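One structure below.
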Amino acid sequence: MSKTLIRGAKVLGGEAQDVLITDGVIAAVGDELAGTEDAAVVEAAGRILLPGLVDLHTHLREPGREDSETVLTGTKAAAVGGFTAVHAMANTFPVADTAGVVEQVWRLGKESGYCDVQPVGAVTVGLEGKKLAELGAMHDSAAGVRVFSDDGKCVDDAVIMRRALEYVKAFDGVIAQHAQEPRLTEGAQMNEGIVSAELGLAGWPAVAEESIIARDVLLAAHVGSRVHICHLSTAGSVEIVRWAKSKGWNVTAEVTPHHLLLTDELVRSYNPVYKVNPPLRTEADVLALREALADGTIDCVATDHAPHPHEDKDCEWGAAAMGMVGLETALSVVQHTMVDTGLLDWAGVADRMSFRPAEIGRLKGHGRPVSPGEPANLTLLDPAYRGPVDPAGFASRSRNTPYEGRELPGRVSHTFLRGRATVVDGKLA
Amino acid sequence: MKRHLISAADLTRDDAVLILDTAEEMARVADRPIKKLPTLRGRTVVNLFFEDSTRTRISFEAAAKRLSADVINFSAKGSSVSKGESLKDTALTLEAMGADAVVIRHGDSGAPHRLATSDWIGGSVVNAGDGTHEHPTQALLDAFTMRRHLTDGAGQDLSGRHITIVGDILHSRVARSNVHLLTTLGAEVTLVAPPTLVPVGVERWPCEVSYDLDAVLTKSDAVMMLRVQRERMNAAFFPTEREYARRYGLDGDRMGRMPDHAIVMHPGPMNRGMEITAQVADSPRCTAVEQVANGVSIRMAVLYLLLGGNEPAVTTTAHPSPATTPDGGAARRPSSRTEETK
């Protein structure tokens, strides 16, 4: 029988308590617990204990782009970041649009052992937006897919989107839309506005995102299905989601850590590490996103962890790939932008980074309360830590972080996956 | 150390006037029987052109050669670049060959900035046009041409002059550089275009925007017509070529309503019949050909100031060279964005 005692942690930021884990399950929570004599002790005074984080939006790149990330390296990065479950996006090579590919990813996740991997299935064959993939087969497979997304591409055909929304009702699935009207964003390189006008980079208007979100919340309402909006990035998108929720429609949304912190002013450096889809927006958008995450209009934080090999960023802006790694810095950025600013408490962080994403993905065994009887998927954070981000130390195979050298607060000291420590004192176990 | 020319926005008024004054000195060389100065002897200037632009390339080539520099022309077409070599590897190759200056034309906005701020090369970088971003030497030669026609010349800026720039502002690197430079020199700039060809965000530029060419012609000291690519029509920026020409083209009637002293400018190549009629293009008020000649003088001045060190540009002139300062010209060289954005 394996036992671990986490001593004196602030559970969800509340009073300091002890938490006893026995055989992968939370056995007891409280003061002066009995039966702890033979337990391994983790001294956690001053630390925050959270339910294991859940990411709805991760690119693990395997199969196909193992030069940037594998399921193994990606799940290691996830564990270091405090995640116990990630949703692996479907834009691999080959695309995860069949039961075979999602089962492969699911199996690789099982073998990694660092973090649970829940594959996301493609909505359409080859992410081409033309023909529905076998959504039912992916759901019925061992991978048990419930989240479907063509992420990286928008399901822009209104009829295909409508059918997908309707079809997945049969197994309580959800369509996670990458909202980007393709015609309005042909050749787009950065947010369209004051900075793009000066830099002469083709603009990516906010309306390209907002018009798709507006359409899709109306479609979801019309067919009585649920829709999830990926990486919402503009103040206008927030307004549309807020309106849709006020109608009682089944709409959820996520925001990335980088959209909570960074703005398009950074593009003035022409450094492609800031090139990302959706693009970095303005200060006003950043503030609206923080407020929306705080008031629940935006349901959750999702990393959109997008690893790229060095050569795909070590070039001119126009030639560079879009995306940033995010698993290992997500919680720090959320602490910096939401907690240290007073917008969200730690219980709120637990909700936005664990409870809600698990609920949206209908993920079992994750996003559970820190209570006796629950699986011991837990994250222990040292919120007092301060230090510069050093990509050389990343567990991810890629280094394309926009935070290199930036001082960020907080560090995950321990991550527990069903009671087993995957991270100890900030290092992979 | 200031050693690059990436954006016209990096130039102060004094930087810009120094370049224009130096270009005047350089222009005098062109009138001599032997059009060559020894200033950059032993220095290597690479023309790195990822886009075809024969005009700009030969202008830089002539400028560097008149300063006795060794010139290497590197065209992306037919080179390893067309086989997928990266900008970085190309830059490292040029660095290994000992390039003192790289004059770069690239289809991607920001490529020269990237080159200048990377550790790929150690020499000076001169932006010869990047994407839809900037083309600073074009703006300098435009300002030089305006100064010759609209002011008393050396030492002057363009204070109070009204400059109108007409055409595809959205995709124009010439317009962006000119807005920066001309306003730095004190001019008042008005952009004229159909609303579809004005960038979102233009409201923060230090200039006026008008959709009505006729309303601004009568108060313009110079009218610069930009090339409008016919392909824009297919992307619905305007309905037809004829409608564009009617509303935004410069013909003889419109030129007749300009003030008598006002000039017509064009960076070339011209679309005759589109943004400018043959009557206007061939009139004595059109400075298009003169701009080409001035381009060589400006590029000589830029290369000299970036690379020339402390020696006077022109040693045999009767006037003291404005490029020469007692403690060397270094402190007055054009500044670059490199330092300012760190």
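For the reader, a short list of remarks on this structure follows.
- Selection from segment A:246-284 of residues that are closer than 27 Å to residue B:131 by Cα and of a type in the set (A, V, I, L, M): A:262, A:266, A:267, A:273, A:276, A:280
- Any hit, segment B:293-309, residues being within 30 Å of residue B:38 (Cβ to Cβ), in a loop (DSSP other than H, G, I, E, B) and over 14 Å from the mean Cα position of the chain (by Cα): yes
- Candidate set from segment B:110-130 (those that are surrounded by 24 or more Cβ atoms within 10 Å (Cβ to Cβ), more than 21 Å from residue B:291 (Cβ to Cβ) and free of Cβ contacts under 8 Å to residues at least 60 places away in the same chain); member that is farthest from the other protein chains (Cβ to nearest Cβ): B:115
- When the criteria are applied in full, residue A:348 fails the requirement of being touching a Lys or Arg at 6+ places or on another chain (Cβ under 7 Å), closer than 24 Å to residue A:293 by Cα and of a type in the set (Gly, Ala, Ser).
- Looking across A:224, A:173, one residue alone is on the phi > 0 side of the Ramachandran plot and either small (Gly, Ala, Ser) or not assigned by TED's automatic domain parsing to the domain that holds residue A:279 (or both). It is A:224.
A quick yes/no check of all residues on (1) assigned to a strand (DSSP E or B); (2) in the same structural domain as residue B:103 (by TED's automatic domain parsing); (3) more than 21 Å from residue B:232 (Cα to Cα):
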residue: B:121; (1), (2), (3): no, yes, yes
residue: B:127; (1), (2), (3): yes, yes, yes
residue: B:145; (1), (2), (3): no, no, yes
residue: B:156; (1), (2), (3): no, no, yes
residue: B:163; (1), (2), (3): yes, no, yes
residue: B:186; (1), (2), (3): no, no, yes
residue: B:190; (1), (2), (3): yes, no, yes
residue: B:206; (1), (2), (3): no, no, yes
residue: B:209; (1), (2), (3): yes, no, no
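- The residue of segment B:131-160 that is nearest to the other protein chains (Cβ to nearest Cβ), among those that are over 30 Å from residue A:319 (Cα atoms) and β-branched (Val, Ile, Thr), is B:145.
- Some residue of segment A:299-308 being polar (S, T, N, Q), touching a Gly at 6+ places or on another chain (Cβ under 7 Å), assigned by TED's automatic domain parsing to the domain that holds residue A:342 and closer than 26 Å to residue A:79 by Cα: yes
- Scanning segment B:251-269 for residues that are surrounded by fewer than 18 Cβ atoms within 10 Å (Cβ to Cβ) and of a type outside the set (D, E, K, R) yields B:252, B:256, B:259, B:261, B:268, B:269.
- Counting only residues that are within 13 Å of chain A (Cβ to nearest Cβ) and open to solvent by 20 Å² or more (accessible area, probe 1.4 Å), segment B:199-215 holds 7 of them.
- Single condition residue A:282 does not satisfy, out of (1) open to solvent by less than 10 Å² (accessible area, probe 1.4 Å); (2) within 14 Å of chain B (Cβ to nearest Cβ); (3) over 19 Å from residue A:58 (Cα atoms): (1)
- Considered as a group, the residues in segment A:270-279 that are within 16 Å of residue A:202 (Cα to Cα) and open to solvent by 10 Å² or more (accessible area, probe 1.4 Å) include one that is nearest to the other protein chains (Cβ to nearest Cβ), and that residue is A:271.
- Filtered residues of segment A:175-225 (kept if part of a loop (DSSP other than H, G, I, E, B), within 14 Å of chain B (Cβ to nearest Cβ) and either buried (at least 24 other Cβ atoms within 10 Å of the Cβ) or without any contact (Cβ under 8 Å) to a residue 40 or more places away in the chain (or both)): A:186, A:187, A:189, A:192, A:200, A:201, A:202, A:205
- Note on segment B:14-56: among residues that are under 15 Å from residue B:141 (Cα atoms) and not aliphatic (A, V, I, L, M), the one that is most open to solvent (accessible area, probe 1.4 Å) is B:55.
- Strands (runs of 3 or more DSSP E) enclosed by segment A:1-99 - at least 2 residues per element that are without any contact (Cβ under 8 Å) to a residue 40 or more places away in the chain and surrounded by fewer than 24 Cβ atoms within 10 Å (Cβ to Cβ): A:3-11, A:16-22, A:40-43
- Test: residue in segment A:298-306 that is in contact (Cβ under 8 Å) with a residue 40 or more places away in the chain and over 18 Å from residue A:175 (Cα atoms): yes
- Within segment A:237-261, being of a type in the set (A, V, I, L, M) and farther than 17 Å from residue A:343 by Cβ holds for A:240, A:241, A:244, A:251.
- Residue list for segment A:231-259, filter: in contact with a Pro (Cβ under 8 Å, 6 or more places away or on another chain) and without any contact (Cβ under 8 Å) to a residue 40 or more places away in the chain: A:259
- Residue, surrounded by the most Cβ atoms within 10 Å (Cβ to Cβ), within segment A:114-136, restricted to residues that are touching a strand residue (DSSP E or B) at 6+ places or on another chain (Cβ under 9 Å) and part of a helix (DSSP H, G or I): A:135
- Looking only at residues in segment A:137-160 that are part of a helix (DSSP H, G or I) and more than 15 Å from residue A:209 (Cα to Cα), the one that is most open to solvent (accessible area, probe 1.4 Å) is A:140.
- Just one of (1) open to solvent by 40 Å² or more (accessible area, probe 1.4 Å); (2) touching a residue at least 24 places away in the same chain (Cβ under 8 Å) fails for residue A:359. It is (2).
- Residue within segment A:285-305 that is open to solvent by 10 Å² or more (accessible area, probe 1.4 Å), of a type in the set (Lys, Arg) and under 17 Å from residue A:234 (Cβ atoms) present: yes
- Exclusive hit being more than 14 Å from every other protein chain (Cβ to nearest Cβ), of a type in the set (Phe, Trp, Tyr) and in contact with a Leu (Cβ under 8 Å, 6 or more places away or on another chain), set A:346, A:317: A:346
- Subset of segment B:147-173 (residues that are surrounded by fewer than 24 Cβ atoms within 10 Å (Cβ to Cβ) and among the hydrophobic types (A, V, I, L, M, F, W, C)): B:150, B:154, B:170
The values are calculated or read from the model by the stated rules, or taken from the named source; none is laboratory data. Everything numeric in this text was worked out from a predicted model, so none of it was measured. No Cβ is skipped: glycine too gets one built from the backbone with ideal geometry, and neighbour counts run over all protein chains shown. Accessible surface areas use protein heavy atoms only, side chains included; no ligands, DNA or RNA. Shrake-Rupley method; radii C 1.70, N 1.55, O 1.52, S 1.80 Å.
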